[in-house]
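Undergrad: The structure follows.
The values are calculated or read from the model by the stated rules, or taken from the named source; none is laboratory data. Bear in mind that the values here come from a model prediction, so they are computed numbers and not experimental data. Please note: Cβ atoms are built from the backbone with ideal geometry, for glycine as well, and neighbour counts cover all protein chains shown.
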Amino acid sequence: MMPGRVPFLVGLALLLCALIFYYLAVLRIDYAKTALLDLRPYPDAAEYFAQAQAMVHGDPPSIQIGYDKLPSRYPPGYPALMLPWLKVLRKSNSILAPFRTNQTIGLFLLLAVFTTYCYLAMPLAGGLATLLLATLPAFFTYCRSSLSEISGSALVALAFIFVYLGLKDKRRWPIYAAAVLLGLSLNIRMQLMFFGPLLLAMALFPGKTSRVDWLVNCAAVLLVFALAASPIFILNAFQFHNPFKTGYEFWVPVLFEKHLLFSPHYIPGHAAMIWSHCVLRRTDFNVANRFGTGTYFVPAYVLLVCGGFGFIRVNRFTICAFLAGSTFLLATASYRFVDGRFYIPILILSVAVAILPVEWALRRVMAGPQKLAAFCIFILFVATCAGYPSQSGYKPRDGRSQAWDALHVVDPARQSPRFLAQAWLSKSYGQKPGIVLSDIDPVYLNALLPKPFVAAPLDEKHHYAFSKLWRYDREDSIALVRNGLSHSIPIYALFVSMKEMTSASPRLPAIDGYQWTTIDSGNYAVILMLTPVMPR
């Protein structure tokens, strides 16, 4: 066997290990046996899914409460990515679309990373990077989630790859492709706009050219970026009559009226959160606990990244990448809300830095001086892939291996009571669809229940009570029920258990001449129906 083929074969073996791990940790999950079909955290996952369901039926991206079609607080980019899966999946399995989308994107990103390094004639580095990425807790946790972090991060990572290839090969079209990808990412998460300095690559493009050509290309790449980002601004203009207003201002205006969204005063909170992960002193419950162990990275990975900065060569790409990464990092650390998932794009990009010392170590272990330092780095790499030592669960337990827990810990082995309740209602009374009152999130129910079922809250106690432009309270519930009765539409109340029914049923609207009657109290749901009072 030719020695020149050894790096490729080793890289291919590492890729195979990464794919096997990804299959075991992400692809083989049976979501029907977990509570993840609740589509929590609310309102994020439910609104993403509701927008996708609206688009698959030919409507603009929106959510539904009662008969009202309303704007979501989240951009429609990630829901748009669900559409192929919604077309493929059966109606009964449509709830899997958010998860299948992220699983597919994660798999594609792993293959894209390895392919890029192979194109650069660095298959061994490609195998190392793919394995590091696959075992990064933040990556595999959100690849099995119903949130938008992985889809947005994937577009950003691909944009960095194209910029690197464009500068290396002295071709402008990859930089234009990066502008498209970066612009599209804004339709998934607006915060990704802070990676904009990456497009300075066009201004730093190598080679001699006239000043006019230079200005034209710089302007053109910004135009391409703006066009790719334009759908979200067009939608905002259509929904709110202002391209720069978002659904957050519609649903939670208090965030913009009484608080600064970005301020240096928020940096200590972010720094404390990051430091707690670095020193294994995390005590909080975060979104990652919903889909995994709650850990985003392990200390060994941080050491690899820190060591990798010593191997970086300053060039046009590293200048652009550093400016983009620093801008995003500073903006995120100044954000009012502290959440580790906001840093996932940076964590994924840092894989390219983390493998640099590992490459160096592999060369030194086999031959050459500094074998002890190389061996220590190799130990760090193994510890990073194993995710040891780390914390898992809530409350966090020390001394855990993320790789081991990824294969065994997803969610408590219990089914989603909310999903089962709506499925039971559809199965039992789908032939007589009507209005459904419930404490289950109405956006979630309207996205899942077959038409013409319409779901609404019991009263003003719901997740959408902070808007100044739209309201729903007890009077609206009564009006909705009266309108349904006037059109001979069945009125149901849906509860996940007898206990919930007992505590919440007094909040049901009281209508003269009608009473709430229990028509089903099975294992999966308690269903009441508004029926006429029989004369005595």
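Undergrad: What do you reckon, is Leu81 assigned to a helix (DSSP H, G or I), more than 30 Å from Leu255 (Cβ to Cβ) and among the hydrophobic types (A, V, I, L, M, F, W, C)?
TA: Judged against the criteria, Leu81 is not a match.
Undergrad: Show me the helices (runs of 4 or more DSSP H) found entirely inside the range 429-536 where at least 1 residues are without any contact (Cβ under 8 Å) to a residue 24 or more places away in the chain.
TA: Answer list for the range 429-536: 474-486, 498-504.
Undergrad: Counting only residues that are without any contact (Cβ under 8 Å) to a residue 60 or more places away in the chain and touching a Pro at 6+ places or on another chain (Cβ under 8 Å), which one in the range 302-325 is nearest to Phe194 (Cα to Cα)?
TA: My answer is Gly308.
Undergrad: Looking for something surrounded by fewer than 22 Cβ atoms within 10 Å (Cβ to Cβ) and among the β-branched types (Val, Ile, Thr) - is there at least one such residue anywhere in the range 173-181?
TA: Yes; the residues of the range 173-181 include at least one that is surrounded by fewer than 22 Cβ atoms within 10 Å (Cβ to Cβ) and among the β-branched types (Val, Ile, Thr).
Undergrad: Next question, about the same structure. Picking from Leu27, Leu89, which residue would you name as being under 17 Å from the mean Cα position of the chain (by Cα), farther than 30 Å from Lys461 by Cα, surrounded by fewer than 17 Cβ atoms within 10 Å (Cβ to Cβ) and assigned by TED's automatic domain parsing to the domain that holds Leu235?
TA: Values: Leu89 fails: under 17 Å from the mean Cα position of the chain (by Cα).
Leu27 is the lone residue from the list that is under 17 Å from the mean Cα position of the chain (by Cα), farther than 30 Å from Lys461 by Cα, surrounded by fewer than 17 Cβ atoms within 10 Å (Cβ to Cβ) and assigned by TED's automatic domain parsing to the domain that holds Leu235.
Undergrad: State which residue is modelled with the highest pLDDT when the search covers only the range 241-297 and only residues that are small (Gly, Ala, Ser), under 27 Å from Cys385 (Cβ atoms) and part of a loop (DSSP other than H, G, I, E, B).
TA: Gly294
Undergrad: Among the candidates Asp284, Asp339, single out the residue that is among the acidic types (Asp, Glu), farther than 22 Å from Leu109 by Cα and within 19 Å of the chain's Cα centre (by Cα).
TA: Going through Asp284, Asp339 in turn, just one is among the acidic types (Asp, Glu), farther than 22 Å from Leu109 by Cα and within 19 Å of the chain's Cα centre (by Cα): Asp339.
Undergrad: Condition (residue is aromatic (Phe, Trp, Tyr) and closer than 30 Å to Lys69 by Cβ) applied to the range 275-287: is it met by at least one residue?
TA: Among the residues of the range 275-287, not one is aromatic (Phe, Trp, Tyr) and closer than 30 Å to Lys69 by Cβ, which makes the answer no.
Undergrad: Identify the single condition in (1) outside any helix (DSSP H, G or I); (2) under 30 Å from Tyr464 (Cα atoms) that Tyr388 does not satisfy, given that it satisfies every other one.
TA: (2)
Undergrad: Do we find that Arg418 is in contact (Cβ under 8 Å) with a residue 12 or more places away in the chain, basic (Lys, Arg) and either part of a helix (DSSP H, G or I) or not assigned by TED's automatic domain parsing to the domain that holds Tyr22 (or both) in this structure? Show your work before the answer.
TA: Values: in contact (Cβ under 8 Å) with a residue 12 or more places away in the chain: yes; basic (Lys, Arg): yes; either part of a helix (DSSP H, G or I) or not assigned by TED's automatic domain parsing to the domain that holds Tyr22 (or both): yes.
It is true that Arg418 is in contact (Cβ under 8 Å) with a residue 12 or more places away in the chain, basic (Lys, Arg) and either part of a helix (DSSP H, G or I) or not assigned by TED's automatic domain parsing to the domain that holds Tyr22 (or both).
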